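Inspection log for the structure reproduced underneath, given as structure tokens.
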Amino acid sequence: MEKTQPYFALVIAPTRELAMQIKDQFDALGSIIGVKVAPIVGGMDMVSQQIHLAKNPHIIVATPGRLLDHLQNTKGFSLRKTKYLVMDEADRMLDDADFAREMDKILAAIPRETRRTFLFSATISSKVETLQRASLKDPVLVSTVDKSSAKLRTVRKLVQSFMFVPLKLKNEWLVALLSQPQHRSQTGIIFSRTHQDVTKLTYMLRALGIQAIPLHGGLSQSQRLSSLNRFKQRMSNILVATDVAARGLDIPSVDLVLNYDLPDTDATYVHRVGRTARAGKSGKAISLVTQLDIEVWMRIEHALGKKIDKDDSLSKADVAVFSETVDEAMAQAKKQIMEETRKKTEGRNRKRGKVGFRKGDDRDRDEG
């Protein structure tokens with residue numbers, strides 16, 4: 001590999017966690033032939049990344065925002081000689097308006113005539129197809145599913161169901177569900193819409209004795225990687241996450257995916273539930289559907305081309321017994337969040353007084 005030119009290949013992923021996972025695979029498979037890989041993702045020191053790029057790695061694995069930062073601000077860094085461009089989760093980066101703008105600039109920095117481009121996605125969209133026509137020469141589509149069938153597919157060993165729950169009792173239903181004997185020892189990912197809700201749910205579950213850890217875009221990069229590694233090593237059996245964990249992450253032995261909040265898009269639903277039932281294993285996905293979610297849920301069923309079974313394993317009486325303890329746990333969670341917010345505010349104020357406040361320069365937008 002000594003004679004291979006620097007920046008020979010560029011791999012782009014929408015989230016930091018996925019980019020680091022890809023980088024680890026390159027390290028494992030390429031070490032025997034001396035492949036040098038540079039991870040260029042947000043939340044990490046820009047200067048150390050510039051030093052890494054100056055060592056002329058063969059492969060760059062990046063998130064779009066931070067890569068564009070280096071293209072615009074790192075002296076001497078260029079992708080003009082890059083021969084291979086790989087976009088993982090391509091539909092996400094092309095459907096999202098912010099990612100699309102950044103990708104346009106990145107694509108313009110790599111000569112079209114001399115590069116080979118590979119797009120990977122579990123859910124292909126019209127925008128991906130547009131990019132095939134607009135940016136690729138003689139594009140070839142390789143599909144593992146019959147395009148004449150339903151647009152979105154899930155694997156056969158995934159058992160999907162939903163519970164129709166009152167919005168105001170959503171937390172009680174969640175705890176009752178996790179307390180069922182068949183779920184107590186299982187590993188699971190709970191998806192929620194915002195990082196504030198992820199934090200509240202995590203602290204509430206901990207107050208109830210459930211080992212939960214959070215993963216969302218509001219955490220530092222070291223915190224995010226720590227949460228992911230703790231879950232992979234089964235030091236905690238519940239991961240509460242935003243859609244930053246929905247795509248691409250290969251986490252062994254996830255038994256259950258639980259949609260506390262329904263996703264904004266049908267494709268995101270497929271990616272979420274795809275965190276379980278992987279590599280031929282079986283898995284279960286349960287969605288909590290409130291009276292406000294009926295239209296969204298019907299749209300998801302339509303996109304899948306089938307009706308999903310209702311789970312009636314819990315009764316109102318089963319859930320009611322958790323009402324008081326859940327209220328107490330949520331009160332503890334809110335108190336803990338308020339205390340942490342107060343400490344962070346005091347810390348920021350001290351920092352402003354000593355060295356001035358600088359707005360973060362992380363441009364990654366990796367959370368839907």
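Taking a ≥ b ≥ c as the square roots of the eigenvalues of the Cα gyration tensor, an a/c ratio of 1.5 or more together with a/b no larger than b/c marks the chain as oblate. Maximal additional length on extending the residue 168-residue 294 stretch stands at 43.8 nm, based on 0.36 nm per residue less the C-alpha distance. Across region 104-112, coupling constants 3J(HN,Hα) worked out from phi with the 6.51/-1.76/1.60 Karplus curve, θ = phi - 60°, read 4, 5, 5, 4, 5, 7, 10, x, 5 Hz, and Gly and Pro carry x. If you sort the three axes of the alpha carbon gyration tensor as a ≥ b ≥ c, you get a/c under 1.5 for region 158-335, which makes it rounded.
Taking amide hydrogens as placed 1.01 Å from N in the peptide plane, the amide H of residue 117 sits under 5 Å from those of 85, each at least 5 positions away in sequence or on another chain. Taking 20 Å as the cut-off, the amide N atoms of region 25-64 that come nearer than this to a point 7 Å along the Cα-to-beta-carbon line of residue 5 belong to 35-38, 53-62. Between 260, 269, 84, the residue with the greatest mean-square fluctuation in the GNM of the chain (Cα pairs under 10 Å linked by springs) is 84. The alpha carbon centroids of region 304-337 and region 160-200 are separated by 6 Å. Rounded to the nearest 0.05, what FRET efficiency do residue 78 and residue 230 give with R0 = 56 Å and r taken as the Cβ-Cβ distance? Could you check? Once rounded, the FRET efficiency stands at 0.90. With a simple spin-label model that places each label point 7 Å from the Cα along the Cα-to-Cβ direction, the separation between residue 184 and residue 264 comes to 3.9 nm. Could you list, in their original order, any pairs among 284/310; 200/344; 281/307 whose Cα atoms are separated by more than 19 Å? Check vs 19 Å cut-off fails for 281/307. In percent, rounded to a whole number, the relative contact order of the chain is 19, using alpha-carbon pairs under 8 Å and six or more apart. Between 308, 40, 190, the GNM of the chain built on Cα springs shorter than 10 angstrom shows 308 fluctuating the most.
The GNM of the chain, with springs linking C-alpha atoms under 10 angstrom apart, assigns the highest mean-square fluctuation among 258, 94, 292 to 292. Amide hydrogen proximity for residue 56: with H placed 1.01 Å from N in the peptide plane, no residue at 5 or more positions away or on another chain lies under 5 Å. For region 23-83, a Kirkwood hydrodynamic radius built from all Cα pairs, placed in the Stokes-Einstein relation at 37 °C and 0.692 mPa s, yields a translational diffusion coefficient of 271 µm²/s. Couplings 3J(HN,Hα) for region 169-180, derived from phi with the Karplus relation 6.51 cos²θ - 1.76 cosθ + 1.60 (θ = phi - 60°), are 10, 4, 5, 5, 5, 4, 5, 4, 5, 5, 8, 5 Hz, where x marks Gly and Pro.
Relative to the longest principal axis of the Cα atoms of the chain, the long axis of helix 16-30 makes an angle of roughly 60 degrees. For region 262-325, a/c is not less than 1.5, where a ≥ b ≥ c are the root eigenvalues of the C-alpha gyration tensor, and a/b does not top b/c. That puts it in the oblate class.
The angle separating the long axis of helix 126-135 from the principal Cα axis of greatest extent in the chain is about 0 degrees.
If R0 is 35 Å, the Cβ-Cβ spacing of residue 32 and residue 101 corresponds to a FRET efficiency of close to 0.35. Fully extending the segment from residue 306 to residue 222 would add 26.2 nm, taking 0.36 nm per residue of separation and subtracting the current Cα-Cα distance.
Under the simplified labelling scheme, the residue 342-residue 313 pair shows an inter-label distance of 4.1 nm, with each label point 7 Å from Cα along Cα→Cβ. For an R0 of 25 angstrom, estimate the FRET efficiency from the Cβ-Cβ distance between residue 51 and residue 351 and round to the nearest 0.05. With R0 = 25 Å, the Cβ-Cβ based efficiency is 0.45. Taking the C-alpha atoms only, the angle from helix 195-207 to the longest principal axis of the chain is near 50 degrees. Each residue of region 213-221 in order: what ³J(HN,Hα) in whole Hz does its phi give by Karplus 6.51 cos²θ - 1.76 cosθ + 1.60, θ = phi - 60°, with x for Gly and Pro? Rounded to whole hertz, the list is 9, x, 8, 7, x, x, 7, 5, 4.
Close amide H contacts of residue 160 (hydrogens built in the peptide plane, cut-off under 5 Å, sequence separation of 5 or more or a different chain): 285.
We did not get these values from a lab; they are worked out from the coordinates using the rules stated. Bear in mind that the values here come from a model prediction, so they are computed numbers and not experimental data. Cβ atoms come from the backbone with ideal geometry, glycine included; neighbour counts cover every protein chain shown.
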